[in-house]
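The values are calculated or read from the model by the stated rules, or taken from the named source; none is laboratory data. Because the structure is predicted, anything quoted here is derived from the model rather than measured. Because the Cβ atoms are built from the backbone with ideal geometry, glycine has one as well, and the counts that use them run over all protein chains shown. Remember, those area values only see protein heavy atoms, side chains included, never the ligands or the DNA or RNA. Shrake-Rupley method; radii C 1.70, N 1.55, O 1.52, S 1.80 Å.
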Amino acid sequence: MIEKKVALITGASRGIGLAVARELRSRGYALSLGVRHPEVLHTEFGNDDHVLLHTYEARDIVSPLTWTSATLARFGRIDIVVNSAGVCKNITFEDGDNDVLEETMDINVKAPFRLLQATLDALKVSGQGRVINLASLSGKRVRTLNVGYQMSKHAVIALNHGVRRAGWEFGIRATAVCPGYVSTDMAVGLTSMPAEEMTSPEDLAVLIANTIALPNTASIAELLVNCAYEHAM
């Protein structure tokens, strides 16, 4: 077993997940990065003995089990899980497509649930397990007509409080990170707000890393991050 704490991160090939991976690596964490195509990260992470690149498919129910097993075989421990992978597609009452709704719920809600099921025992052993669930301000209020996405992110908030409750006595602390617009590929076309006025993935990664580093006695259940004024926040 290595001495470094080990962080599993989904969606690490771009956007928030990649920014979190870079930030945690700079702080001395070992990384297990679950992505669809690990080869895209070989140039940046492939030569680091403290980084495992592993195939992870959010909609595959076996994928979190094989990834978790590979991580434990490589490092002997899991201390942090960052559920960053997600999709945002327009699903309204008027033209919402059932297949897209199923995909959204699978990737945004069911996949994080399955990964936490697979890693929970290892997080308990850590004694200072940390879970970061990327939710959204859309999980805290309803502002647009994209009800399908909002449903999924409200469910992520419930998932976060569920694992927080289940793991509390074992030292597991879970945080739902709820940003507004973040300047990633996903945000392009969703708003007329200029990218420079959005929260940067790098700034969000710093907030996440700082939250992970807090002791068990200073836990943050929900972290709301604004790039624009919110009336109810």
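Placing +1 at every Lys and Arg Cβ and -1 at every Asp and Glu Cβ, with all other atoms neutral, what dipole size does the chain have around its Cα centre, in debye to the nearest 20?
With only Lys, Arg, Asp and Glu charged at Cβ, the dipole is about 820 debye.
Taking 0.36 nm per intervening residue step and subtracting the Cα-Cα distance, what contour gain separates V62 from R36 on full extension?
Gain in length upon complete extension: 8.0 nm.
Which order do peptides 172-179, 221-228 fall in by mean Cβ count within 10 Å, highest first?
My ranking of the peptides, most packed first, is 172-179, 221-228.
Based on the Cβ-Cβ distance from V100 to M193, what FRET efficiency comes out when R0 is 22 Å, to the nearest 0.05?
0.35
Quick one: which residues, 5 or more positions from V51 or on another chain, have an amide H under 5 Å from its amide H? H modelled 1.01 Å from N in the peptide plane, none for Pro or chain starts.
Placed amide hydrogens put L31 under 5 Å from V51.
Over the chain, what is the mean sequence separation of C-alpha contacts under 8 Å (at least six apart), divided by residue count, expressed as relative contact order in percent?
Over the chain, the number comes to 20 percent.
To the nearest 10 degrees, how steeply does helix 111-126 sit against the main Cα axis of the chain, on a 0 to 90 scale?
40 degrees
Mean-square fluctuation check for the chain, GNM, Cα pairs under 10 Å: which of Q117, Q128, Q150 is largest?
Sorting by GNM fluctuation, first place goes to Q117.
What is the antiparallel percent of DSSP beta bridges lying wholly in the chain, to the nearest 5?
Percent antiparallel among DSSP bridges in the chain is about 0.
Test of the criteria: in region 77-156, which chymotrypsin sites (Phe, Trp or Tyr not before Pro) are in a DSSP loop and have at most 16 other Cβ atoms within 10 angstrom of their Cβ?
Those satisfying the criteria are F93.
Given a 10 angstrom Cα cut-off, can you work out which residue in R25, R165, R130 is the most mobile in a GNM of the chain?
Result: R165 has the largest fluctuation of those listed.
By the gyration tensor of its Cα atoms, with a ≥ b ≥ c the square roots of the eigenvalues, what is the shape of region 20-80: rounded for a/c under 1.5, prolate for a/b over b/c, or oblate?
Oblate, because a/c is 1.5 or more while a/b does not exceed b/c.
Could you pull out every one of the aspartates and glutamates with an alpha carbon less than 15 Å from that of K124, ignoring same-chain neighbours closer than 8 positions?
Within the straight-line limit of under 15 Å, K124 reaches these aspartates and glutamates: D79, E169.
Select from I132, I157, I61 the residue whose mean-square fluctuation is largest in a Gaussian network model of the chain (Cα-Cα springs shorter than 10 Å).
Comparing I132, I157, I61 in a Gaussian network model of the chain, the most mobile one is I61.
Roughly speaking, what is the stretch gain from R141 to E230, that is 0.36 nm per residue apart minus the C-alpha to C-alpha distance, in nm to one decimal?
31.0 nm
Which FRET efficiency value, to the nearest 0.05, is calculated for S219 and D48 with the Förster distance at 25 angstrom and r the Cβ-Cβ distance? Show your work: numbers first, answer last.
Values: r = 30 Å, r/R0 = 1.20.
With a Förster radius of 25 Å, E is 0.25.
With +1 on the Cβ of every Lys and Arg and -1 on the Cβ of every Asp and Glu, and nothing else charged, how large is the dipole of region 138-224 about its Cα centre, in debye rounded to the nearest 20?
Details: 7 positive and 7 negative charges, 101 e Å.
With only Lys, Arg, Asp and Glu charged at Cβ, the dipole is about 480 debye.
Return the subset of K5/K140; K89/K110; K5/K89; K4/K153; K4/K89 for which the Cα-Cα distance in this structure is over 28 Å, preserving the input order.
Where the Cα-Cα span goes over 28 Å, the pairs concerned are K5/K140; K5/K89; K4/K153; K4/K89.
Could you tell me which of P194, A118, G171 has its Cα farthest along the dipole of the chain towards the positive end, charges placed at Cβ (Lys, Arg +1; Asp, Glu -1), taken about the Cα centre?
About the Cα centre, the residue reaching furthest to the positive side is G171.
Give me a comma-separated list of calculated 3J(HN,Hα) values for region 141-151, in order, Karplus coefficients 6.51, -1.76, 1.60 applied at θ = phi - 60°, integers in Hz, x for any Gly or Pro.
7, 10, 10, 9, 9, 7, 5, x, 5, 5, 4
Please list, by residue number, everything in region 135-151 whose backbone N is under 16 Å from a paramagnetic label point 7 Å out along Cα→Cβ of K89.
Residues 146-151 fall inside that zone.
Might you tell me the accessible area per residue for the chain, computed with a 1.4 Å probe and given in Å²?
Averaged over the residues of the chain, the accessible area is 48 Å².
Helix 63-75 versus the longest principal axis of the chain: what angle, 0 to 90°, nearest 10, using Cα atoms?
With both axes taken from Cα atoms, the answer is about 40 degrees.
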